[in-house]
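To keep things clear, I will list the structure first and then write my remarks on it.
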Amino acid sequence: MYSTRSLSTCSALARATLCALAVGMVACSDIRAAEAPSVVVAPSADQARSADEPWFGVMLPPGFEPHALHVISNRPAAPAVVPEGESQYRELAGDAIQAHLKTIVGFSRESEETAEVGEGQIWGRVTGFPSGSKTIEWAVSEFRAAGIADVELQQFDQNESASIWLPLSWEVRLLGDPAFGEGSADVVLESAMPLSAGDLSGGSLTAPLVYVGTATSAELARIDVRGKVAIQKAIPQGHTVFMRSPVGPRAQDLLDRGAVAVLTIIDLPGNMRARDIGCGGGTCFNIGGRDGRFIESVMDAAAAAGTTADIRVEMRLESERFSGLSAANGVAIIPGTSRSDEYVVLNAHADAWFDGAGDNGDGLAVLVALARHFATPGMRQERSIVFVASAGHHSSGLSGPGNFVAMNPEIAEGAVIVVNLEHTAQRNIAPARSLHEDGYREWTMDSHEAPIVAGITNLAPYLEGLVERGIERYGTNFVSGPNTMASGEGGTYRRLDIPVFTTMQGPPMYHTTGEVLEMVSTPGMERMARFMAFFVKEVSGASVAQLNPR
């Protein structure tokens, strides 16, 4: 299912044994699975790199493991705060929401097991494919099970001019050479993740490597990248989305300077695949942290040995553009008690790359919990509440919010506010002080959620006040200061000229294979669900002037 292992295609334990034999190390441990934090046993300090050993004696990368969590976690997530009088709302409890999340991630795992896309190197809940459809259908069944009478599966087709590019099969191989030490066999960089086809789709490319790291334009002017595969480096901090602006343009600059392809090392824990950041129109791959460290160490050793020019990479890629697809939104409406023609719309997109526990499994799980909460007897609000499990967040021409607005003009006309729940409960992680003996930095997880942006498009004082009250009541980790951010689904809804409230994280694990269940805080989901229940109850009874002052 996955690209060829750097040493063999056998089990992780056998791979570790072969690693020890091939590199001459005392130990080269197996990486444990996601059930517990992983630590790689590095070679001892007295095992110096040598040209007499394969790859200058540099420790081989551990290979790719799709669901491993390589983050040290010694403390549990901080417990949720339950204000007096709210403990009876069991549908908002963390364990109940966690059960939803496990089901949602299960649809991603199923798409991996069935190799829904190509050879199964990429998986997820993909709109237009069975995994995306099953997720939406499950949300609809949950709305109905909650006792909501008005529930629909609203189907729509992909725009005729649109298509979705997906990689089907690929490989990035560092070519071995006796100049790097006797026995230096080819090493497949299994964490490689293609970001665009460039001119490579259906073919292959072999070229020498040149390392540029985080070079500025002034520094690049002194580095000849023509005819070479350029290697740049990205170190995500806080919000991964902030890396797009420096890293993507630099990749395009490298291509414009004559690089035939770009490899971007995403310096994150373990050896994950990352489908983010982008690089313009050329051939580009992201590379995981441990593979990246291997490349850097080998190139350092080659520079010392005067053999840098011999380091070459071979890459291949098969991809396809998909068009003519269909999708659906799951929509449920709980009518209001006195202002039923006015609507509070809650949206969470259902699709994801890889396991997608944080993007947007936690948002969808919270949405389902809120639907169950407001469907319980005595919980109807003044205004009608609309729950939208939307499709198409990652799929061109299949916009769930856009089609929801077009297919429900009465709701669009009567909506007074839209709330967008988009990855809201991932744990916060950061690089640790400690290093592996091969120089790779470990990462640690703290007890709270990663920062959450709370964007309100009209900066209404009343709504901002609710955010502040929510922080005090529930401890939600909202980023300080008002802002008008409405990315993701919120961007479509702001065309309605009503306030859009978006809660969104973009932490380091965003859009990676490390975005597994263990990265999401169960108390964090409860924090967000209880805050959102409070928020919806408040805005349901507020005046239009409070929500949208002119």
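The values are calculated or read from the model by the stated rules, or taken from the named source; none is laboratory data. Predicted model, so just to flag it, every value in this text is computed and none were measured. When we count neighbours, we look across all protein chains shown, and the Cβ atoms used for this are built from the backbone with ideal geometry, even at glycine. Side chains included, ligands, DNA and RNA excluded: accessible areas come from the protein's heavy atoms. Shrake-Rupley method; radii C 1.70, N 1.55, O 1.52, S 1.80 Å.
Could you tell me which GluC sites (Glu not before Pro) in the range 264-324 are loop residues by DSSP with no more than 13 other beta carbons within 10 angstrom of their beta carbon?
Details: sites: Glu296, Glu314, Glu318, Glu320; in loops: none.
Hits after loop and neighbour filter: nothing returned.
If we count every other residue with Cβ under 11 angstrom of His393's Cβ, Lys/Arg +1 and Asp/Glu -1, where does the sum land? With Lys, Arg at +1 and Asp, Glu at -1, the net is -3.
Evaluated at q = 0.30 Å⁻¹, the base-10 log of the normalised Debye intensity for the range 216-270, with identical point scatterers placed on the Cα atoms, takes the values -1.23. Of the GluC sites (Glu not before Pro) found in the range 53-129, those in coil by DSSP whose Cβ has at most 11 other Cβ atoms within 10 Å are Glu84.
Taking all protein chains in place and a 1.4 Å probe, what share, in percent, of the accessible surface of the range 80-218 do carbon and sulfur account for?
Values: 2590 of 5680 Å².
That share works out to 46 percent.
Here each label is just a point 7 Å from Cα along the line to Cβ, and for Ser480 and Glu119 those points are 5.0 nm apart. Ellipticity at 222 nm from helices only: DSSP H runs of n ≥ 4 in the chain, each -39500 (n - 2.57), divided by the residue count, give -8500 deg cm²/dmol. Near Val345, once Lys and Arg are set to +1 and Asp and Glu to -1 for all other residues with Cβ below 11 Å from its Cβ, the sum equals -1. Taking every protein chain into account, the 1.4 Å probe leaves Trp138 with about 30 Å² of accessible area, to the nearest ten.
Ordering Arg427, Arg495, Arg222 by accessible area with a probe of 1.4 Å, largest first, what comes out?
On the way: Arg427 20, Arg495 185, Arg222 210 Å².
The ranking, largest first, comes out as Arg222, Arg495, Arg427.
Sorted largest first by accessible area at a 1.4 angstrom probe radius, with every protein chain in place, the residues Asp199, Asp253, Asp446, Asp276 fall in the order Asp199, Asp446, Asp253, Asp276.
Taking amide H as placed 1.01 Å from N in the peptide plane, Ile72 has its amide H under 5 Å from the amide H of Trp443, Thr444, Met445, each at least 5 places away in sequence or on another chain.
Arg312 sits with roughly 90 Å² accessible to a 1.4 Å probe, with DNA, RNA and ligands left out of the calculation.
If R₀ is 41 angstrom, what is the calculated FRET efficiency for the pair Glu84 and Asp341, using the beta carbon separation as r and rounding to 0.05? Before the final figure, lay out each step's value.
Values: r = 34 Å, r/R0 = 0.84.
Working from the Cβ atoms, E equals 0.75.
Listed by chain and number, the lysines whose alpha-carbon sits under 24 Å from that of Lys134, ignoring those within fewer than 8 places in the same chain, are Lys102.
Using a 1.4 angstrom probe on the protein heavy atoms only, could you order Arg383, Arg244 from most to least accessible area? Write down the numbers at each step before the final one.
Numbers: Arg383 0, Arg244 90 Å².
Per-residue accessible area, sorted high to low, gives Arg244, Arg383.
Calculated accessible area for the range 396-550 comes out at 33 Å² per residue, all protein chains present (probe 1.4 Å; ligands, DNA, RNA ignored).
In this rough spin-label picture, where each label sits 7 Å from Cα along the Cβ direction, the Arg321-Arg441 distance is 4.0 nm. Seen against the Cα atoms of the chain and their longest principal axis, helix 522-541 is set at about 30 degrees. Only aspartates and glutamates eight or more places from Lys233 in sequence, or on another chain, were considered; those with a Cα closer than 19 Å are Glu190, Glu219, Asp224, Asp253, Asp256, Asp267, Asp276, Asp291, Glu296, Asp300, Asp438, Glu442. Taking Cα atoms only, the orientation of helix 461-474 departs from the longest principal axis of the chain by about 70 degrees. Compared with the dominant principal axis of the Cα atoms in the chain, helix 362-375 is inclined by about 20°.
Quote to one decimal, in nm, the extra length available between Glu472 and Glu182 on full extension: 0.36 nm per residue of separation minus the C-alpha distance between them.
Separation in residues times 0.36 nm, less the Cα-Cα distance, equals 98.1 nm.
Using a 1.4 Å probe over the heavy atoms of the protein chains, calculate the carbon and sulfur portion of the accessible area of the range 358-426 as a whole percent. All intermediate terms of the calculation are to be shown ahead of the outcome.
Details: 790 of 1600 Å².
Of all accessible area on the range 358-426, carbon and sulfur atoms account for 50 percent.
The loop-placed GluC sites (Glu not before Pro) in the range 130-238, going by DSSP, that have at most 13 neighbouring Cβ atoms within 10 Å of their Cβ come out as Glu160, Glu182.
Labels on offer are [x] 24.5; [y] 32.1; [z] 25.7, and the one holding Kirkwood radius over Cα pairs in Å computed from this structure is [x].
Excluding ligands, DNA and RNA, the accessible surface per residue across the range 182-274 is 39 Å² with a 1.4 Å probe.
The H on the amide N of Thr283, modeled in the peptide plane, is under 5 Å from the matching H of Asp199, Val262, each at least 5 residues off or on a different chain.
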